[in-house]
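Asks: Take a look at this one; I'll ask things after.
The values are calculated or read from the model by the stated rules, or taken from the named source; none is laboratory data. What you see is a predicted model, and the numbers here were worked out from it, not measured in a lab. Reconstructed Cβ throughout: ideal geometry from the backbone, glycine too, with neighbour counts over all protein chains shown.
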Amino acid sequence: MAKNDTTAATRLTPALARAGFTSSFGVLAATLGSAVGLGNIWKFPYLTGANGGAGFLLVYVLATVLVALPVMMAEISLGRAGKANPITTLQTLAPKGQPWWLMGVAGMLAAFLILSFYSEVVAWVFAYVVKAASGAILSSDPQVTEAAFGALISDPLQSLLWQWGVLAFIGGILLLGVTKGIEAITKKLMPILLLLLVLLCAVSLSLDKAVQGLAFLFQPDFSKITASVVLTAMGLAFFKLSIGMGTMMTYGSYFRDDQNIPLTTVRVMAADVCISMLAGIAIFPAVFTFGFAPTAGPALVFITIPAVFSQIPMGQALMVVFFVLASIAATGAMLSLMEVPVAILHERMGWSRPKATLLTMGLLVLLGSTSALSNSTLADFKLAGMTPFDLFDFVSSNILLPVGGIFIALFVGWVWGFEKFSRSLTNHGQLHNHRVARAVFFLLRYVSPALILMVMLKGLKVF
Ligand code: TRP
């Protein structure tokens, strides 16, 4: 790979001209930086717990490999071919007059919905750095950790201020133009987060009821796999790989022309699945040992992680480190989400980047606040039986991202065509990815759109 890097660095590809990534490893790390975030540490454990454990995990892994991975390859290929924001890319690649660029517009809306609840979860993680430092939450007593989390989310002022703080922090990074620097820091710190997760797994596995936790996570009870469980698992697969709304198309636009797309996406996917697995192994043995409810919902990680840390020497300090690293991972993912609306407003509306950033932040403060208040002031304000927080989470993962996936698959399968797709996956025939290209193209053209649609219609009980 090193040899590849030097030859490519001396050749000015269009991707480099667009200030793209400069090394093959850089591409991998940056893509991973978008994929790995609270989806791994927070959403995966909570959904696995809420949907019955191993059966859900199995469907999630299948959905990741069979549906999300092909769509990810498609999305990145389109981005690299278009080399612009999603709207412009789709306009360039589609035949004249066909409105595929609307997908870019839908993606921008999806980004706002996701950011509206994601920013609140990031806010909890930031707040937990402070809580961890105070020592108040270091306990294996469910009542103590649940009360601490409850106190945070049911306090409207704290929830709002932490969220606005997070938005100001992310906005600051974008306004100062130091995104690249932050990504570089993320890259360096990720291995430490990984080590900490491994340590947590070791601690959790030594607990009394570790076996029960592992059985929950790895021994499927097929009777628990309902249509809505399948939809949730598929939505999670999309969410975790950051696909279906233009983030990966935007990242693809920075990909170098000599980057091996199938290899990169497979690596990102594998790493992303493994990190989630570690989070699961760290959490579920503790859930059963200390008597937490696996179905605790979005609170799950926040109430169980302190219990694991309470079992080890220097637990308090290590827990602070854990939440700092989780904050950084979340920041990387959030920046990749922000990139979509900011790039669209900047490149399409001709606004300066600061103006685009400020407008995005302003809208997020408004919309996001409804998520922040979902466990306090707005707890009874429900649409379709869900608070704004739950609704944004549900609609984005279970509807918008899958619909985005359907259109990406249809576009590549029926409009862009095999010729161009195969040239993209093989870098104009230089790589031996011909068979992969054929198989993935077949999936995109015939299988993915129908499968995603069916899962959605069944899961949403449309029929
Ligand atoms: N994948 C990220 C996570 O797991 C979240 C994320 C970043 C995302 N960009 C996205 C989700 C785009 C959907 C679409 O935390």
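One line per residue, one yes/no per condition, for (1) in contact with a helix residue (DSSP H, G or I) (Cβ under 8 Å, 6 or more places away or on another chain); (2) under 30 Å from K355 (Cβ atoms); (3) basic (K, R):
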site: G172; (1), (2), (3): no, yes, no
site: I182; (1), (2), (3): yes, yes, no
site: M190; (1), (2), (3): yes, no, no
site: S206; (1), (2), (3): no, no, no
site: K209; (1), (2), (3): yes, no, yes
site: L214; (1), (2), (3): yes, no, no
site: K224; (1), (2), (3): yes, no, yes
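Asks: Can we say G413 is touching a Lys or Arg at 6+ places or on another chain (Cβ under 6 Å) and among the small types (G, A, S)?
Replies: Taking the combined requirement at face value, the residue satisfies it.
Per-residue answers, yes or no, for (1) crowded, with 19+ Cβ neighbours inside 10 Å; (2) within 16 Å of the ligand (Cβ to nearest atom):
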| position | (1), (2) |
| --- | --- |
| I328 | yes, yes |
| P341 | yes, yes |
| A356 | yes, no |
| S371 | yes, yes |
| A384 | no, no |
| P388 | yes, no |
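Asks: I want to confirm something. Restricting to the range 240-256 and keeping residues that are hydroxyl-bearing (S, T, Y) and near the ligand (Cβ under 8 Å from one of its atoms), which single residue is farthest from the chain's Cα centre (by Cα)?
Replies: Among those that are hydroxyl-bearing (S, T, Y) and near the ligand (Cβ under 8 Å from one of its atoms), it is T247.
Asks: For the range 109-222, list the helices (runs of 4 or more DSSP H) that sit wholly inside it and hold at least 1 residues that are among the aromatic types (F, W, Y), surrounded by 16 or more Cβ atoms within 10 Å (Cβ to Cβ) and modelled with pLDDT of 95 or more; which are they?
Replies: 142-153, 156-175, 210-218
Asks: Here is a follow-up. Pairs, please: C-beta under 9 Å, at least 6 apart or cross-chain, first residue more than 17 Å from G315 (Cβ to Cβ) and in the range 140-155, second modelled with pLDDT of 95 or more and among the acidic types (D, E)?
Replies: Cβ pairs passing all conditions: I153/E120.
Asks: All but one of (1) free of Cβ contacts under 8 Å to residues at least 24 places away in the same chain; (2) closer than 28 Å to D208 by Cα hold for A326; which doesn't?
Replies: Going through (1) free of Cβ contacts under 8 Å to residues at least 24 places away in the same chain; (2) closer than 28 Å to D208 by Cα one by one, A326 breaks only (1).
Asks: What pairs can you find where one residue is in the range 232-251 and under 17 Å from F392 (Cα atoms), the other is more than 9 Å from the ligand (Cβ to nearest atom) and not in a helix (DSSP H, G or I), and their Cβ atoms are less than 9 Å apart, with a gap of 6+ or different chains?
Replies: Matching pairs, first to second residue: T232/N51; A233/N51; A233/I225.
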